[in-house]
Amino acid sequence: MNGTSVVQGASGAATGELGLDWREAASEAPGATLGAEAGLLSDAERSTLLGRDRLRGGRPARGVRALLAGGASRYARMPVLEALLERWSRALPASLRRVLPEPVEIRAEPLAARRFGDHLANLPRPAVIAIFRAVPWDRSGLLTVDHGLAYTVVDLLLGGRALRTSTPVHGRACTEIEAVLLERPIRAVLAELGAAFAPIARVEFVFERIETDPRFVTIARASDACVLCPLLVAAGGRGGRLELLLPRATLEPVREELAQEFPGEGFGHDPVWERHLARELRASEIELEAVLPERRVPLREILALEVGATLCLDVPAECPVILRCGDLPLFEGRLGRRGDRVSVKIERRLGREGEE
């Protein structure tokens, strides 16, 4: 589906609901007059628009107040990005299995749109936030690991046994040893993310550092729109949540490719059209020119030429002949004769600059 959507914000306001029933609000209030002294909006309409009627009794705000407080973010859907991230989530278990001693299970949740500032405000403190950079796009993204998943990964890497419940220690920051242990799985996740983007662009997601305080994560403005991809990860009977945050500015170099529609896993390629184009190209005709050695001649000699005059090229008879199409040299050969026709025997292929 193309177009623009409104995604539910952190406040829990319903998606796309502005809290204003236009047919009800536009209806004439009892006793209202349409005289010249009447305002553009009645008291009932202004109360509905501003959400005053919902503020009483502890009900959630509607109207403009709900829109301002909801933190909703408008975004254009990217079908190819959804397919890439789904492929990434499917490939992660095998990639993490090479790093962790226990099998990994991953379940992807639906993509969401978030403002960068709203996402940071909802993160726990302290948190495990891995900052990475997209090369050569020169943009950054975030990979957030919650306490449960971070504790699971560290415990398994240190030889912990599989448990049925997770016992993370909340409220403390990640230590230096834990950060070093988490770095290897994070690099594996980012390497798999780069492989998922390979069909549309050559990009490498390079790990930079781990931050524990969201205040120090300044890779985008607070109002910038971002794409959030949450994953539920389980290993050894426990686990937690892994969240990938990609600002829209990071995806800008491949925005057109990510926004296009495509059938299946073709990523925009049409095999029927490709076969037709290749067949027509092989059947097309082009004109080749056999160019003898060239010589610069003064204009006075050109003006002095007459019928029967001889123009010497000052090159030996066995000088190679260049075959070209337009201004593009293609082949080099030797001039000869085949029957009653002049021919050229091709000896080597030339590049765009006349070299092999």
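Work out the FRET efficiency for V307 and D327 from their Cβ-Cβ distance, taking R0 = 35 Å, and round it to the nearest 0.05.
It comes out at approximately 0.70.
With equal scatterers on the alpha carbons only and no solvent term, can you work out the Debye log10 of I(q)/I(0) for the stretch 75-259 at 0.15, 0.16, 0.17 1/Å?
Calculated log10 I(q)/I(0) at the listed q: -0.86, -0.98, -1.11.
Evaluate the relative contact order of the stretch 75-259 (contact order divided by residue number), counting alpha-carbon pairs under 8 angstrom at least 6 apart; express in whole percent.
Numbers: 350 pairs, mean separation 70.5, N = 185.
Once divided by the residue count of the stretch 75-259, the mean separation gives 38 percent.
Using DSSP to call loops (not H, G, I, E or B), can you name the trypsin sites (Lys or Arg not before Pro) in the stretch 79-156 whose Cβ has at most 12 other Cβ atoms within 10 angstrom?
On the way: sites: R87, R90, R97, R98, R107, R114, R115, R133, R139; in loops: R98.
Listed in order of number, the matching sites are R98.
With bins 10 Å wide starting at 0, give me the P(r) of the stretch 285-349 over every alpha carbon pair, in whole percents.
Calculated over all Cα pairs of the stretch 285-349, the distribution is 18, 39, 33, 10 percent.
Here, each number is a calculation from the coordinates, and none is a lab measurement. The structure presented is a predicted model; accordingly, all values stated were derived computationally and were not measured. All Cβ positions, even for glycine, are placed from backbone atoms using ideal geometry, and neighbour counts span all protein chains on display.
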